[in-house]
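Trainee: Quick one: structure below, then a few questions.
Every number here is computed from the coordinates shown, using simple stated rules; none is lab data. Keep in mind the model is a prediction, meaning the values are calculated, not measured. When we count neighbours, we look across all protein chains shown, and the Cβ atoms used for this are built from the backbone with ideal geometry, even at glycine.
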Amino acid sequence: MYLTDTSPMEELKNVDKSKFEDYFEQFGDWLVSKAFDLLIAFLFLFIGTKIIKLIIKIIKHSFDKTGMETSVSGFLLSFIKGVLYFIVIIMSASILGIQVTSLVAILGTAGLAIGLALQGSLANFAGGVLILIMKPFKVGDFIIENDKGCQGTVESIDIFYTKLRTYDNKIIVIPNGNITSHSLVNVTSSGSRKLDISVSVSYESNIKQVKAVLEALMQNSEYCDKTKAMEVFVDEFLDSGMKICMRCFVKTEDYWKAKWELMEQMKEAFDENGIIIPYPHMDVSVKEHKNIE
């Protein structure tokens, strides 16, 4: 019986060294057995990256032609590039015989959980992308959102929110998901806008005279488009008078200036021609009671 003077630490090192050698030999055997598959996988990865670059270049060119916002196009290109690279890497791993089914299942489950947790934000993001791609409105347009009745000039269109500036200089922040899931009115989508102004006149007024006065106002206005139809008509008979409407087209940016000026000139013209605008009034009579003694 022989006793060795080898310490436990040295024995542990010898065991670790032998395990490392075994692992190295197994890895070497795996490389030899998978040499052809490795070559195919790397070749597939190389060709895949070249194809991805070509696809991204084509998509970027199409985004530039449509005039998409730079922030959205950059985000979409990054997202598409990441998805394509992920597909190429997964396919390269499958060529080597690596089981990717469980990995894809785990990633899918995680993505579903994240999507459910962030469904509101994802809806707003999708809405922002749709707005910037479809362009129902742009920065500078005046819109009316029919869900909550918010209206104002579009200040900015972000990924998640759209900002409106009201007439009294307030900022309204609307989630993009609300905008795309409800109807809206783009007031300034075209270069011209129809202007309707209604006024009540007394039944004693001469209709032909009233119409002539209003037609003259539109003809002399610098804002009314003379190339398009201008109309004056009786719209309704009210309890206290007749409702007369005047209609013309003005430039979108001149809408409010034209309305305010025509309404002021209308009152002055009615006063000059003795045309009465009826309004509710009350007659009060005082009776004197005499005491009989």
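Trainee: Pairs of lysines 8 or more apart, or on different chains, with alpha carbons under 19 Å: count those in segment 192-272, would you?
Mentor: 25
Trainee: On full extension of the chain, what length is gained from Glu261 through Ile98, given 0.36 nm per residue of separation minus the C-alpha to C-alpha distance?
Mentor: Working it through step by step, the gained length comes to 50.9 nm.
Trainee: If we count every other residue with Cβ under 11 angstrom of Lys251's Cβ, Lys/Arg +1 and Asp/Glu -1, where does the sum land?
Mentor: On the way: positive: Arg193, Lys257; negative: Glu222, Asp225, Glu253, Asp254.
Result for the local shell: -2.
Trainee: Phe160 to Ile89: extension gain in nm, 0.36 nm per residue of separation minus the Cα-Cα distance?
Mentor: Net length gain for the segment: 22.5 nm.
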